[in-house]
Amino acid sequence: MKDGGYSFKYRAQPTSRQMMQHTDNAADAARRLLSWYDRHHRDLPWRISPPMARDGVVADPYHIWLSEVMLQQTTVQAVKPYFHKFLTLWPKVTDLASADTEEVMKAWAGLGYYARARNLKKCAEAVARDHGGVFPDTEEGLKALPGIGDYTAAAVSAIAFNRQSAVLDGNVERVISRLYAIETPLPSAKPEMRALVARMTPADRPGDFAQGMMDLGATICTPKRPACALCPLNADCLALKMADPETFPRKAAKKDKPLRVGAAFVASGPDGAVYLRKRAETGLLGGMTEVPGTAWTSRIDGDNTIEAQPFAAAWEPCGTITHVFTHFELRLSVYRANVAIRDKSGNGWWEPLASLEAQALPTVMKKAIAQAIPHAFKAGTN
DNA sequence: AATTCGGGGAG
DNA sequence: CTCCCAGAATT
């Protein structure tokens, strides 16, 4: 096993006969999982389906890596258009490596978790500079690259390089937790789960096994109302046999989201251009474009509302927007001003309305601009 | 071990 | 409304 390094403390030491029985069950379960995958796999843009694989088609590591980074905490449906856009703009990893970072941020805008885009660019640069434009073909080599952690290293290793790596994502966590009725709550249970996945992962077709487990979690072993009657592993599932599968995996309680408030200022120039500026490279929405505004704090500070104005103008309130982030909810008061002369004293710039859509604007900023200028992002304006 | 990172779709 | 999605980096 290439993924050792942690102690396996799952229950008591099994006898050798039990271990053999367990191993046989795991191997048989893997076979049934692969058989199910052959018949029920989803057709995804980055995936080499089993029939094509039999014709000798192999996955492009660049495609697998790009899709896996985009898929981190992100649904397949949300990723698809971005995957196609990136391959059109940058067909090879070396193209992405030599691209302008600002163009990459623009292309990523709307997908969220923007540190992924910054690390994506750094990773492409590292592959081009340190590896001759070829991705490392081991978990260790992959994990040393920016933006590639335990999951992505194992996934690329298994799917693109046919290595026997243990792939553990949110789907597999759910499948494994039910299969073995694991009472340990997440995230503490991850080492146990990874060891069980490693034991089950076959030497033959490890990439299809990983994708099959993820497809199973996405379509059969779902968070709510799992279709256990259709599951190829239902004969082995301890949660189905002894408890309620829907109650797995166990998870630590989550904390509530606080409310933060602030103000945003949308200035329109004489020709309709909007005043924009660039956010700091690190932190929330790091490196993305924004309209000027106050800091986002737990309660309203009237003085900040004055200081945060980019320049003196006849600012008029035009309503509020709300936006939900991962760990807080934001309520923004939006102000609008139509100015006759473009102020050029600050660090920002005036962006024509026609090219607003193509900017690196996160969703919350598009909401704020649309609140002030309802036709800003409508079709026909670009 | 906890926290910080977006956005959207399903139920 | 709640949950969670092919998680990683930082503290």
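The values are calculated or read from the model by the stated rules, or taken from the named source; none is laboratory data. Computed from a prediction, not measured in an experiment: that's the story for all the values here. Note that each Cβ is placed from the backbone with ideal geometry, even for glycine, and that neighbours are counted across all protein chains shown. Only protein heavy atoms, including side chains, enter the accessible area calculation; ligands, DNA and RNA are left aside. Shrake-Rupley method; radii C 1.70, N 1.55, O 1.52, S 1.80 Å.
If you average the C-alpha positions of the range A:76-107 and of the range A:273-307 separately, how far apart do those two centres end up, in angstrom?
The range A:76-107 and the range A:273-307 have Cα centres separated by 27 Å.
If you average the sequence gap of Cα pairs under 8 Å that are 6 or more apart and divide by the length of the range A:130-289, what percent do you get for the contact order? Don't skip to the end; give the middle numbers.
Details: 187 pairs, mean separation 32.0, N = 160.
That works out to 20 percent.
State the extension gain, in nm to one decimal, for the chain segment bounded by A:K344 and A:H327, taking 0.36 nm per residue of separation less the distance between their alpha-carbons.
On the way: separation 17, 0.36 × 17 = 6.12 nm, distance 3.54 nm.
Fully extending the segment from A:K344 to A:H327 adds 2.6 nm.
Net charge around A:L44, counting only other residues with Cβ within less than 11 Å of its Cβ (Lys, Arg = +1; Asp, Glu = -1)?
Numbers: positive: A:R42, A:R47, A:K80; negative: A:D43, A:D215.
Net of charged neighbours comes to +1.
Quick check of the Kirkwood formula: for the range A:128-197, what is the inverse mean of 1/r over all pairs of different Cα atoms, in Å?
Details: mean 1/r = 0.0762 Å⁻¹.
The answer is 13.1 Å.
So what is the 222 nm mean residue ellipticity for chain A from helices alone, if each DSSP H run of at least 4 adds -39500 (n - 2.57) and you divide by all residues, rounding to the nearest 500 deg cm²/dmol?
Numbers: 15 runs with 156 residues, N = 382.
So the helix-based figure for chain A works out to -12000 deg cm²/dmol.
To the nearest 20 debye, what charge dipole does chain A have about its Cα centre, counting +1 at the Cβ of each Lys and Arg and -1 at the Cβ of each Asp and Glu? Walk me through the intermediate numbers first.
Numbers: 47 positive and 40 negative charges, 162 e Å.
That gives chain A a dipole magnitude of about 780 debye.
Counting DSSP beta bridges in chain A, what percent are antiparallel, to the nearest 5?
Working: 15 of 26 bridges.
Looking only at bridges with both residues in chain A, the antiparallel portion is about 60 percent.
Charges at C-beta only: +1 for Lys and Arg, -1 for Asp and Glu. How large is the resulting dipole of the range A:55-202 about its Cα centre, in Debye rounded to 20?
Working: 16 positive and 17 negative charges, 56 e Å.
The calculated dipole for the range A:55-202 is roughly 280 debye.
With contacts defined as alpha carbon pairs under 8 Å and 6 or more residues apart, what's the relative contact order of the range A:78-212 in percent? Before the final figure, lay out the partial values.
Numbers: 136 pairs, mean separation 24.1, N = 135.
Reported as a whole number, the value is 18 percent.
Taking θ as phi - 60°, what are the ³J(HN,Hα) couplings along the range A:53-59 by the Karplus curve (6.51, -1.76, 1.60), each to the nearest whole Hz, with x for Gly and Pro?
4, 5, 7, x, 6, 10, 5
Explain nothing, just the number: relative contact order of chain A, from Cα pairs under 8 Å at least 6 residues apart, as a whole percent. Don't skip to the answer; put the middle values down first.
On the way: 577 pairs, mean separation 59.2, N = 382.
The value is 15 percent.
Between A:K241, A:K366, A:K278, where does the largest GNM mean-square fluctuation fall for chain A, given springs only between Cα atoms within less than 10 Å?
Between A:K241, A:K366, A:K278, it is A:K241 that shows the largest mean-square fluctuation.
Multiply the residue separation of A:A53 and A:K278 by 0.36 nm, subtract the distance between their alpha-carbon atoms, and state the gained length in nm to one decimal. Present the calculation step by step, with values, prior to reporting the outcome.
Working: separation 225, 0.36 × 225 = 81.00 nm, distance 4.50 nm.
Here the answer is 76.5 nm.
Return the subset of A:K255/A:K366; A:K143/A:K254; A:K143/A:K367 for which the Cα-Cα distance in this structure is over 32 Å, preserving the input order. Spell out each step's value before the answer.
Details: A:K255/A:K366 28 Å; A:K143/A:K254 29 Å; A:K143/A:K367 36 Å.
Those over the limit are A:K143/A:K367.
Which far-off residues, 5 or more places away or on another chain, put their amide H under 5 Å from the one on A:R336, with H placed in the peptide plane?
Correct list: A:V266, A:E316, A:C318.
When the dipole is taken about the Cα centre of the range A:259-372, and only Lys, Arg (+1) and Asp, Glu (-1) are charged at their Cβ, what size is it in debye, to the nearest 20? Spell out each step's value before the answer.
Details: 11 positive and 11 negative charges, 29 e Å.
The dipole of the range A:259-372 has a size of about 140 debye.
Among residues other than A:A99 whose Cβ falls under 10 Å from its Cβ, what is the net charge (Lys/Arg +1, Asp/Glu -1)? Spell out each step's value before the answer.
Values: positive: A:K121; negative: A:D95, A:D100, A:E102, A:E103, A:E125.
Summing Lys and Arg as +1 and Asp and Glu as -1 gives -4.
Applying the Karplus parametrisation 6.51 cos²θ - 1.76 cosθ + 1.60 with θ = phi - 60° to the phi angles of the range A:241-249, what ³J(HN,Hα) value in whole Hz is obtained for each residue in order, glycine and proline being reported as x?
6, 10, 8, 9, x, 5, 7, 9, x
Choose one of A:W90, A:N347, A:G287: the residue whose Cα lies farthest towards the positive end of the charge dipole of chain A (beta-carbon charges +1 Lys, Arg; -1 Asp, Glu; about the Cα centre).
It is A:G287.
Please list the non-local residues whose amide H lies under 5 Å from the amide H of A:E351, H modeled 1.01 Å from N, same-chain partners needing a gap of 5 or more.
Residues meeting the criterion, in which the H sits 1.01 Å from N, are A:V274, A:Y275, A:L276.
Report, in listed order, any pair from A:K251/A:K278; A:K80/A:K122; A:K85/A:K278 with a Cα-Cα distance greater than 32 Å.
Numbers: A:K251/A:K278 38 Å; A:K80/A:K122 22 Å; A:K85/A:K278 23 Å.
Cα-Cα > 32 Å for A:K251/A:K278; rest within.
Under the 0.36 nm per residue contour assumption, what length would be gained going from the current alpha-carbon distance of A:D28 and A:L238 to full extension?
Working: separation 210, 0.36 × 210 = 75.60 nm, distance 1.57 nm.
The A:D28-A:L238 span can extend by a further 74.0 nm.
What percent of all Cα-Cα pairs in chain A falls in each 10 Å bin, counting up from 0?
Spelled out per bin, shortest first, that is 5, 20, 25, 21, 16, 9, 3, 1, 0.
Roll a 1.4 angstrom probe over the protein heavy atoms and tell me the percent of accessible area of the range A:259-372 that is carbon or sulfur.
On the way: 2800 of 5510 Å².
Percent of accessible area from carbon and sulfur atoms in the range A:259-372: 51.
Suppose each label sits 7 Å from its Cα in the direction of the beta carbon; what would the A:L44-A:T74 distance come out to in nanometres?
Placing both labels 7 Å along Cα→Cβ, they lie 1.3 nm apart.
Dividing the convex hull volume of the Cα atoms of the range A:298-382 by its residue count, what figure in Å³ per residue is obtained?
Numbers: hull volume 10.9 nm³, N = 85.
Once divided by residue count, the hull of the range A:298-382 is 128 Å³.
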